[in-house]
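A short worksheet on the structure shown next.
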Amino acid sequence: MEDNKELQNNELVDMILFCNEKGYQVQGKNIKASDLIFEERVKMNCFYCGKYNVSWKCSPKIPKIDYIKMLGEFDNAAFVYLKMSLTDSDYDTVRNDSSVQLHRALLECEKWLWDHNNSTALSFIGGSCKLCKNGCASDKCVNPYMARIPVEALGINVVKSAANCGIDIGFPPKEYMMRIGLLLW
């Protein structure tokens, strides 16, 4: 088991270096799927979001599968995250930019894993998908190969789950915006 953990650590380090060489300033932390905290109230927060039933990768348009079971099928999991400086005057810009940067970094991690013999690698983004500048098209997702589901849409309490894994998220954000995504392989 220790050899697998060592391999997992090396893969994560290599992926994070790969992303950072491409200009994404992300960090990563290996986790266990069992450390993730699922709560129904998190799904209810999705209901009150403006993206609910609008975004093709948000509730209720995401697949109706057992996410706890599905996450448990992966051998490896990691939080991939970034911090962006924040002021009151640039909150909306940083909120958007941090989400897009993390999303693109997670796609790079998936590509790295694909190139290293991990055909079922999967990621979940921090916050709603913002790839389309004018929002989602009304009839279908126009970026189906790149768009990803938010971690929160699975019902994961990101703040509590991150704390379980030694990552402190200051909430509400004051000096920096922290975005956390989930990578599985």
Inset, instruction - Would you check which residues across the range 112-141 are surrounded by 14 or more Cβ atoms within 10 Å (Cβ to Cβ), closer than 21 Å to G72 by Cα and either among the small types (G, A, S) or without any contact (Cβ under 8 Å) to a residue 40 or more places away in the chain (or both) and list them? - result: A121, S123, G126
Legend entry - Search result, residues across the range 142-168 that are open to solvent by 30 Å² or more (accessible area, probe 1.4 Å) and not in a helix (DSSP H, G or I): V142, N143, P144, Y145, M146, R148, G166, D168
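Could you please let me know if I180 is part of a loop (DSSP other than H, G, I, E, B), under 15 Å from K83 (Cβ atoms) and touching a strand residue (DSSP E or B) at 6+ places or on another chain (Cβ under 7 Å)? Reasoning before the result, please.
Working: part of a loop (DSSP other than H, G, I, E, B): no; under 15 Å from K83 (Cβ atoms): yes; touching a strand residue (DSSP E or B) at 6+ places or on another chain (Cβ under 7 Å): yes.
No, not satisfied.
The values are calculated or read from the model by the stated rules, or taken from the named source; none is laboratory data. Because the structure is predicted, anything quoted here is derived from the model rather than measured. With ideal geometry, Cβ positions are generated from the backbone for all residues, glycine too; neighbour counts draw on all protein chains shown. All accessible areas refer to the heavy atoms of the entire protein, side chains included, with ligands and DNA or RNA removed. Shrake-Rupley method; radii C 1.70, N 1.55, O 1.52, S 1.80 Å.
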